[in-house]
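The values are calculated or read from the model by the stated rules, or taken from the named source; none is laboratory data. Remember, predicted model here, so these are calculated numbers, not experimental data. Note that we place each Cβ from the backbone using ideal geometry, even for glycine, and neighbour counts take in every protein chain shown.
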Amino acid sequence: MSKTYQIILLSDATGETVTAAADAVASQFVEMSVEITMYPFVRTTERAKSLVSGFSCVDLVIYTIVNAEITNLIEAASANHGFKAISLLEPVMNAFEGLDGCLPTGQPGKQYRVDKDYLERVSAIDFAISHDDGLSAEHLRQADVLLIGVSRTSKTPTCIYLAYQGIRAANVPLVPDQDIPVSVTDALADGVPAIGLIASVTRLSQVRQHRLKALGNPKSVAYAGTKDIQNELTSARLFFEKHGLPVIDVTRRSIEETAAAIRGILSEKKT
């Protein structure tokens with residue numbers, strides 16, 4: 001039986017950074033058995049000592065902690081207990097420091113301060129949640145980007161994910177046999193950036209069938225039928241081509257990957 005490696009993540013804040021990094025790396029080692037445990041808000045030496053005292057069977061500790069006293073304690077425990085310890089932030093902080101000699105503040109959780117950027121993210125989240133499928137002209141003109149696509153192309157979750165990054169994204173559904181609302185074409189004419197989202201017929205059919213079953217209506221052929229979906233996609237592509245919109249195929253993309261592609265397109269438009 002293969003060994004299960006014990007990996008500990010330590011953070012002086014929420015742990016999102018170190019968790020994302022560890023998950024990204026672990027995904028590349030599919031045949032390795034790992035057990036990852038996360039400890040957030042490690043901000044005192046007392047808490048750090050309490051934790052590392054139980055790390056005798058740990059194989060790897062990855063930490064995002066800026067307090068030098070705590071990091072020294074972790075490194076000492078590493079030497080004493082024989083586990084490997086890695087500071088995720090240290091190489092980047094050293095590189096920043098090398099730019100002009102400035103020293104880091106050493107204050108944990110600085111990226112979560114309530115400042116202008118934070119308030120803009122909150123506003124964008126409120127925008128996405130409060131105006132899902134909201135197609136009024138006023139709403140669309142307030143958006144940083146319009147996400148246009150047929151049903152089940154992940155418009156809503158992508159809008160919400162972008163909102164967490166401070167981007168006001170508006171969900172614009174393309175409905176079969178219905179004209180595009182004038183408010184949408186007006187927003188496009190006014191220069192509001194827009195991106196078309198599509199997916200494969202097979203993928204949309206599968207997702208829509210699951211959706212229908214969840215709603216207790218599994219026999220709506222028009223909604224989940226491949227022929228009807230193909231017609232919807234053809235109409236969508238014609239609309240995207242008419243208005244010169246960039247298109248993202250979300251078939252094999254995660255929400256995070258779609259959002260990254262959208263941010264890339266928006267950045268290119270600004271240059």
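Scanning segment 47-66 for residues that are touching a strand residue (DSSP E or B) at 6+ places or on another chain (Cβ under 8 Å), polar (S, T, N, Q) and assigned to a helix (DSSP H, G or I) turns up nothing. Among the residues that make up segment 97-117, is at least one of them assigned to a helix (DSSP H, G or I), closer than 28 Å to residue 166 by Cα and touching a helix residue (DSSP H, G or I) at 6+ places or on another chain (Cβ under 9 Å)? Yes: segment 97-117 contains one or more residues that are assigned to a helix (DSSP H, G or I), closer than 28 Å to residue 166 by Cα and touching a helix residue (DSSP H, G or I) at 6+ places or on another chain (Cβ under 9 Å). Of the residues 249, 228, 177, the single one that is modelled with pLDDT under 95 and either out of contact with any Pro (no Cβ under 9 Å at 6 or more places or on another chain) or among the polar types (S, T, N, Q) (or both) is 177.
The condition of being among the aromatic types (Phe, Trp, Tyr) and at pLDDT below 80 holds for residue 118.
In segment 248-259, of all residues being surrounded by 15 or more Cβ atoms within 10 Å (Cβ to Cβ) and free of Cβ contacts under 8 Å to residues at least 60 places away in the same chain, the one that is farthest from residue 202 (Cα to Cα) corresponds to 248. Scanning segment 1-35 for residues that are of a type in the set (A, V, I, L, M), part of a helix (DSSP H, G or I) and touching a residue at least 24 places away in the same chain (Cβ under 8 Å) turns up 18, 21, 22. Applying the set (1) surrounded by 13 or more Cβ atoms within 10 Å (Cβ to Cβ); (2) more than 18 Å from residue 68 (Cβ to Cβ) to residue 35 leaves exactly one unmet item: (1).
Considering only segment 71-85, I want to know if a residue exists there that is closer than 24 Å to residue 166 by Cβ and hydroxyl-bearing (Ser, Thr, Tyr). No: segment 71-85 contains no residue that is closer than 24 Å to residue 166 by Cβ and hydroxyl-bearing (Ser, Thr, Tyr). Residues of segment 181-200 that are touching a helix residue (DSSP H, G or I) at 6+ places or on another chain (Cβ under 9 Å), surrounded by fewer than 17 Cβ atoms within 10 Å (Cβ to Cβ) and β-branched (Val, Ile, Thr): 182 alone.
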